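The values are calculated or read from the model by the stated rules, or taken from the named source; none is laboratory data. Fair warning: this is a prediction, and the values are worked out from it, not measured in the lab. Methodologically, a virtual Cβ is constructed for each residue, glycine included, from the backbone with ideal geometry; neighbour enumeration extends over all protein chains shown. Please note that ligands, DNA and RNA were not included when accessible areas were found on the heavy atoms of the full protein model with its side chains. Shrake-Rupley method; radii C 1.70, N 1.55, O 1.52, S 1.80 Å.
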Amino acid sequence: MRHLMSPLDFSVEELQNLLLLAGDIEKNPAKYAHACEGKKLATCFYEPSTRTRLSFEAAMLNLGGNVLGFHSADSSSAAKGESVSDTIRVISCYADICAIRHPKEGAALVASQKSKIPVINAGDGGHQHPTQTLTDLLTIYSLKGRLDNITIGLCGDLKFGRTVHSLINALIRYPNVKFVLISPEELKIPSYIREDVLMANHVDFVEMERLEDAIPDLDVLYMTRVQRERFFNEEDYIRLKDFYVLTQEKLNMAKEDMMVLHPLPRVNEISVEVDDDPRAAYFKQAQYGVYVRMALILTLLGITVE
Ligand code: CP
């Protein structure tokens, strides 16, 4: 039995197979429409979500399976003090696979250690969000045709943004990927990513504060929201929340084929005028999230479709 806690749980070859499967699902959805008949996915979400929870549920429904779950800690017995370990033991009796989101780093790992079914980390605190990374990789691969030889700018809340941490971990395994880390001083990438991931692997990266200085050289710009829910103090959040706003004027400084990604939800960091620019790919990205989660469910359940 396999779980997914981090994008590194899959080798580069396994990731490639997953992306190819997702691509086939996109092209031939009918072929997969009954692949999970009789199977159940539990979505156990202790934190709010629109895309991750609903795209997991859409993925399982598209595969002919069923879904059950809860969408907040308050609507589960966590509100009565039940531990994640006990909850997953019970969920293992009801479902075949589980996606869990929790505000505490490591909660999904704890669940996986007590589970009798595959567990997918759907976001654990400020740590990792591996299925967002699968979505990001599929989007880049589908729209750019490659995951190597790219310069990617990661902009915004690099401290608390778990999607950024997971994406860096995944992309360092591809040749000639350069990272431009764009953030205010207080939201810089954590030292465990800078030192233990980037520097330890001799990855080409630079840290900058001004988006305008970085944008002309980028192949991909990955914007992120300032993570209000992870701040200790509201004043700091208010001071930093609009530090970056991608406007059409700034986007005009970018390459013609630069791609703008965002894991969403967006607050103010991308102006709505940018949505109509052909380089804005963040809503397509949300659609790719369904295909890649379908591929992931099939892979973890060991189901092959001929
Ligand atoms: N990208 C993402 O995780 O969105 P949700 O919080 O809506 O799931």
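General observations
- Given (1) assigned to a helix (DSSP H, G or I); (2) open to solvent by less than 30 Å² (accessible area, probe 1.4 Å); (3) more than 16 Å from the ligand (Cβ to nearest atom); (4) among the hydrophobic types (A, V, I, L, M, F, W, C), number of the condition LEU21 does not satisfy: (2)
- Verdict on LEU240 being touching a Ser or Thr at 6+ places or on another chain (Cβ under 8 Å), open to solvent by less than 50 Å² (accessible area, probe 1.4 Å), within 21 Å of THR163 (Cβ to Cβ) and more than 16 Å from the ligand (Cβ to nearest atom): no
- Matching residues in the range 130-178 - criterion: being within 16 Å of the ligand (Cβ to nearest atom), farther than 24 Å from VAL290 by Cα and small (Gly, Ala, Ser): GLY156
- Odd one out for GLU229, checked against (1) surrounded by 13 or more Cβ atoms within 10 Å (Cβ to Cβ); (2) within 16 Å of the ligand (Cβ to nearest atom); (3) not in a strand (DSSP E or B): (1)
- The residues of the range 74-118 that are out of contact with any Gly (no Cβ under 6 Å at 6 or more places or on another chain) and of a type in the set (Lys, Arg), listed by number, are LYS80, ARG89, LYS114, LYS116.
- The residues on offer are TYR288, TYR282, and the sole one that is in contact with a Lys or Arg (Cβ under 9 Å, 6 or more places away or on another chain), of a type in the set (Phe, Trp, Tyr), within 16 Å of the ligand (Cβ to nearest atom) and modelled with pLDDT of 95 or more is TYR282.
- Here the condition is being farther than 21 Å from ALA281 by Cβ, without any contact (Cβ under 8 Å) to a residue 40 or more places away in the chain and open to solvent by 10 Å² or more (accessible area, probe 1.4 Å); of ILE172, ILE193, it holds for ILE172 alone.
One line per residue, one yes/no per condition, for (1) within 16 Å of the ligand (Cβ to nearest atom); (2) open to solvent by 70 Å² or more (accessible area, probe 1.4 Å); (3) not in a strand (DSSP E or B):
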| residue | (1), (2), (3) |
| --- | --- |
| GLU37 | no, yes, yes |
| SER49 | yes, no, yes |
| LEU54 | yes, yes, yes |
| MET60 | yes, no, yes |
| LEU68 | no, no, no |
| ILE91 | no, no, yes |
